[in-house]
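Peer 1: Once you've had a glance at the structure underneath, I'll fire off some questions.
The values are calculated or read from the model by the stated rules, or taken from the named source; none is laboratory data. Given the structure is predicted, the values throughout are model-derived calculations rather than measurements. As a convention, Cβ positions derive from the backbone with ideal geometry for all residues, glycine included, and neighbour counts pool all protein chains shown. Please note that ligands, DNA and RNA were not included when accessible areas were found on the heavy atoms of the full protein model with its side chains. Shrake-Rupley method; radii C 1.70, N 1.55, O 1.52, S 1.80 Å.
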Amino acid sequence: MSEERKKYPFLKTVLRTIPIQFRAALWPTIANISMSVIHALTWTAVVIATQILFDAISRAAIGQIGFADCAIPLLILAGATFGQQIINGVHNFLWSIVEGKSAVHIKTLLYKKLQRINPADFENTAFLDDVNKAKEGTNSVSQYCTTFLNIGFFYGIYFASVGAYLFSLKPILLITVMISFLPAMLAQIVRGKVFTKLEEQSAPLRREYEYYQKTLCDREYFKETRILGAFKFFHKLFSDTMALLTRKTWRAERKTALLQLLLNTTSFAGMAVSTYMLFTATMAGEITVGAFAAVFSALGMIFNIMREIVTMHLGGMNKDLGKVANYIRILDLPERTGADGTPDFTKGITAQNISFTYPGREEPAVRDVSLNIASGETVAIVGENGAGKSTLVRLLTGIYRPSEGRVTAGGLDTSETAPAGLYNGVSGVFQKYQRYKMTLEENVTISSVKATAPGRPCQNDMARVQTALREADFNDESISLDTMLSPEFDGIDLSGGQWQRLAIARGLYRTNGFIVLDEPTAAIDPIEETRVYTQFQRLAEGKCAVVVTHRLGSAKLAHRIVVMDAGKIVDTGTHDELLSRPGKYAGMWAAQAKWYERTENHAPLCFRG
C-alpha cells in the first residue's frame, strides 16, 4: 500500500476537507461564513468612516464647515468600530462552535472507514503508521478547513474591499502591498514541505513512545514491569524515543524559522515603501488628509493581517498539511466490498486450495489448504505455535480473504461477499478477548447489539444474558448485571478466569450457525476447562464448529481433528485414528502426556485420554 502513495498537495487537500466540514457541521459552517463576510465589511467600513471623519475635521479646521458638522462622521465611525467588536466576538464564538461540532463527525468518519478496510492490512506496519498519522489528522481537519474558509470569506473579502479602496486612491499602493508579501508566501510553501516530511518520519516514533508509555503506566503492564524491575529499561526507551522525535521537530522548526526571518525582512521593506508613497501622494495633493489618516492607520492593520495570514494561518495549515493529508489518504483507501448475502451454514464450509500471505511478508502463513466442515460437525485444529491455526480460522470465518484459492462459508464465496452479511450467524471466542470497561450485562450483549434496543434490554434478552453466563459457568452471585467491570470507572475487576468465562458467554449470546473457539480457556484450570468444552460440545450440536487448542485432550471432543504444521494440513482424523499411526499428532500427544504420567520423582498425576 505504501509503495503507491498518492500525493496530496495543499489545494487538493483543502478541496477534500471542505465537503467533510460541511457534512460535519452544515449550518454552523454556513453561519460562520456569513459572519466572516459581515465581519470583513465592518473592517472596511471603519477605514472609510475614518477618512470621512478626518476630512470633516480638516475642513472644519480651515473654517469650511462648523465643528458640529463633524458629529455625524464621528458617530458613524464610533458605530462602525463598536459593531466591529461585537461581530468579532460573535465570529470567534461561531468558529469555536464549528470546530467543536465537527470533531466527533470527523473522528467517526475515520473509524467507520477503518471498519471497511481489509482486516489483513492491520498486520502491515506501514498501514499502522498511516493510521497513527490519520488519528493525528483528525484533530486538525476541521481547523484546517475553517481556517481556509475564513481566509477566503473574511480576509479575502476584506482585502478585496480595502484593495478596491486603495486602488481608487493610488493603484501603485495596492501593487506594492501585494508584491511585498510574495517572499513570505514562498516561505510558507517551503515550510509545508518540511513539516509534511517531518510527519512522515514522526508517525513510527509516536507509535513507539505511546507503546513505551503504556508499559510504564498502563494497568495491563504495571504489575509485571514493577516485579521484573523493568521500569528503568522502558523509561529509557521512552525517553530516547521522545528525545529523537524532539530533535527532528527542532531541526524542522529551526530550518523554517531562519527562512521565515529572512523573507519577512522584505515584507517590512514593502511596508516602508508603501508608507513613503502615501506620504508623498498626500504632500502632492493627490489624496486628502483624511485619506492619508485612514490609509496610514489601515496600512498597519493590513500588514499585520497579512503577516497573520501568512505566518499564523497559512503557516499552521502548512504545518498540519501532512497530518490532514494522511487523514484524507486513509479515507481514499480501497474498501473491502462485495455482494449482499446471508450465509446458510446448513450448507457447511469449504476451503479449496487456499493460501494466505500477510502484508509485508514473503512466506505464506497458510499453504494450499483444503478443508470441508459439514453442518453439525465440530472440527478441532491443532498444531504448534506458528503452524497457521488462527490464520486458517480467520480465513474460514471470512475475516481474511485468501491470497489464492476459495472459501465458501454457508454457500457464499468470502472473496465476493460484503463483510456485514458474511459475519451474520458467526460467533467466536478468541484467545485475545477484550475486557470492555462496561457493565457485566453490556460485556455480554455487545456481541449482538442489533438484537438489543437502545437502553436496557427487554426481559427476553435479559434471560438470554443470564443463560449465556450460566452456560459459560460464570456463576458469581456477588456480581450483578449492572456491575461496572472497571476500577477506572468506580467498578470492580475480574480475575483472569472470570474474564475468560465472560468472553465465552459473550460468544454464546450471539445467535450463530458457525461458532469458533480459538484457545479460549488459557486462564481456566483443567477441571473448569473440561466443563466448558463439554458445554461447548452440547451447544455446537447442529452447527458448524471449530476449536483451536494446544491442549490435545480437549481436541477429543471434536468429530474430526486437523493437524497443521508450517501452514499446511499434515494429517486429519479422529483422536484414536491419529494416535494409531506415527505422525505429528502422536508426537505432540506423547510430549504433552509425559508431564502428567506418574513417575518416581513426581507427584502422582495421571493423564487419561
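Peer 1: For segment 315-453, report the % of Cα-Cα distances exceeding 22 Å.
Peer 2: In whole percent, the share of Cα-Cα pairs in segment 315-453 beyond 22 Å is 54.
Peer 1: Compute from the Cα atoms of segment 374-421 the Rg and the Dmax, the latter being the longest Cα-Cα distance, and quote both in angstrom.
Peer 2: In Å, with Rg to one decimal and Dmax whole: 11.8, 33.
Peer 1: Moving to a separate point now. So with the 1.4 Å probe, I'd like the accessible area per residue for segment 456-511, rounded to whole Å².
Peer 2: Averaged over the residues of segment 456-511, the accessible area is 50 Å².
Peer 1: Going down the list Lys214/Lys437; Lys7/Lys112; Lys214/Lys248; Lys113/Lys232; Lys113/Lys197, which pairs span over 27 Å between their C-alpha atoms?
Peer 2: Lys113/Lys232
Peer 1: Can you pull the one-decimal nm distance between simple spin-label points at Ile72 and Asp482, each 7 Å off the Cα toward Cβ?
Peer 2: It works out to 7.2 nm between the two label points.
Peer 1: For segment 538-583 and segment 22-89, write down the distance between their C-alpha centroids in whole Å.
Peer 2: 84 Å
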